[in-house]
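The values are calculated or read from the model by the stated rules, or taken from the named source; none is laboratory data. Just so you know, these numbers come straight off a predicted model, no measurement behind them. Heads up, the Cβs are rebuilt from the backbone with ideal geometry, glycines too, and the neighbour counts pull from every protein chain shown.
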Amino acid sequence: MNDMDIGYLIGLLIFLILCSAFFSSSETGLLSLNRYRLRHKTREGHKGAKLASELLSKPDRMLGTILVGNNVVNILAASIATVVCVKFWGEAGVVIATAGMTILVLIFGEITPKTLAALRPELVAYPAARVLKVLMFILAPAVWLTSTISNILLRMLGVNTSLKTSDALSREELRAIVRDSQASLAHNGQEMMLGVLDLEKITVNDILIPRNEVFGIDLNSDLNTIVWQLRTTTHTRIPLYRDNINQILGVIHMRQIARLLTLNKLTHEDLQSACNEPYFIPESTPLSIQLLNFQQQKRRFAIVVDEYGDVEGIVTLEDILEEIVGDFSAPENRHEPEASLQEDGSYIIDGTAHVRELNKEINWQLPLDGPKTINGLITEHLEDLPDGPVCLKLGQYYLETLEIRDNRIISVLARDLKNTKKTMANH
């Protein structure tokens, strides 16, 4: 073997190591591609993305081609290295070739190209897909043979090779993706998307305005009282009832009676004739379904009833939309915060505060599977209405009643015990 032959062999060896790097990086790059971004680019007509998508649609053939090609070039490179090393160092050349090729293949054929492909998958995968498409055709017989033997062995081990896992994401996986997208998605956008995902697990009962807080017009009241209520209200749609909220006659839109109200010509009969038919919905309806129902029936206001037909409260289209986009009512119509932060880190909380709204406001995790208000949460836990100040512990939260009046808890002192311990430890 002359010097020219050795030069050719070394050149071929370098080429084979580069081929090994290509196959290794191609595998990592293709498998590291973001499937959803890949689909988006494919729909836009990106040729590299389209080829990559075609390869990934047949993973067994793609991986078979890469593995066949990678093993062929690695084995051939090892054989050539052995020939060259034996030429220079005799029998010791076998050991030198083994050690040298192991280092070269690991660094230049595996670690470096795979790291690059993992960091820049699109940069590597799209150009590589063009070459692999050709190689899949050339190596098809070898790939078919090896894949067939492999599938036979897997079936003998009880593995069903025809089953494919779904790429569909669960709701929690989608939530995790949205939370991790801070770099490319504004905070408000994140909150809106998370709000949409939450609509399926939140029911009307979680956001309704309870019946004791519903503003309505009792048709049995005298006309002067009704007129004063209508002129001072800030609501656009108002339920009309007789005697109590369970006897709802309909819903009045202020626009329908504004002219009569201005001319002081409003009567009880006018009110009743101006009523729209009430729209009743069950309290267990998911918000995602109710949002569609509002859209299909051209409604914006619904009366929420329980399983016995008793009125539980009301819910509006605005209430559901606020679960997605946040509070968009005018500043003068917004309620004061239901939790007032104290200097020691505790909160003074209104007993009528909704647990869910409170969790969102101060980032707590009070239980949501029971009563909807702090008053109800405490009385359920105590199994009685306290007649004086009491303290209790709900998970990591300390609650102390401050004022009790008219058979309900008016205000509560609340503290997160975990945060209190952390603060004390820091000091």
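Observations, loosely collected:
- Scanning region 205-227 for residues that are surrounded by 12 or more Cβ atoms within 10 Å (Cβ to Cβ), of a type in the set (D, E) and part of a helix (DSSP H, G or I) yields a total of 1.
- Any hit, region 259-280, residues being within 18 Å of D206 (Cα to Cα), surrounded by fewer than 16 Cβ atoms within 10 Å (Cβ to Cβ) and at pLDDT 90 or above: yes
- The test for being among the acidic types (D, E) and at pLDDT 85 or above holds for E110.
- The set of residues in region 378-416 that are touching a Leu at 6+ places or on another chain (Cβ under 7 Å), under 20 Å from R211 (Cβ atoms) and without any contact (Cβ under 8 Å) to a residue 24 or more places away in the chain contains only N407.
- Among the conditions (1) buried (at least 18 other Cβ atoms within 10 Å of the Cβ); (2) closer than 27 Å to S147 by Cα; (3) of a type in the set (G, A, S), A118 misses just one, which is (1).
- Failed condition for L230, given (1) surrounded by fewer than 18 Cβ atoms within 10 Å (Cβ to Cβ); (2) more than 26 Å from K372 (Cβ to Cβ): (1)
- Residues located in region 266-280, provided they are over 20 Å from R231 (Cα atoms) and assigned to a strand (DSSP E or B): F280
Let's see how each residue does on (1) without any contact (Cβ under 8 Å) to a residue 24 or more places away in the chain; (2) of a type in the set (V, I, T); (3) in the same structural domain as L116 (by TED's automatic domain parsing); (4) within 26 Å of L145 (Cβ to Cβ):
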residue: F22; (1), (2), (3), (4): no, no, yes, yes
residue: E27; (1), (2), (3), (4): no, no, yes, yes
residue: R35; (1), (2), (3), (4): no, no, yes, no
residue: R39; (1), (2), (3), (4): yes, no, yes, no
residue: L56; (1), (2), (3), (4): no, no, yes, yes
residue: P59; (1), (2), (3), (4): yes, no, yes, yes
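- Candidates L197, L291, filtered to the one that is in contact with a Lys or Arg (Cβ under 6 Å, 6 or more places away or on another chain), under 23 Å from H354 (Cα atoms) and surrounded by 15 or more Cβ atoms within 10 Å (Cβ to Cβ): L197
- The residues listed here are T379, T352; of these, the one that is β-branched (V, I, T) and in a helix (DSSP H, G or I) is T379.
- Within region 14-116, helices (runs of 4 or more DSSP H) holding 1 or more residues that are out of contact with any Phe, Trp or Tyr (no Cβ under 9 Å at 6 or more places or on another chain), within 19 Å of A142 (Cα to Cα) and among the acidic types (D, E): 59-89
- Qualifying position, being of a type outside the set (D, E), at pLDDT 85 or above and closer than 18 Å to L317 by Cβ, among L219, L240, L208: L208
- Options L51, L76; residue that is closer than 29 Å to V124 by Cβ, under 34 Å from the mean Cα position of the chain (by Cα) and among the aliphatic types (A, V, I, L, M): L51
- Residue, modelled with the highest pLDDT, within region 298-337, restricted to residues that are surrounded by 10 or more Cβ atoms within 10 Å (Cβ to Cβ) and among the polar types (S, T, N, Q): T316
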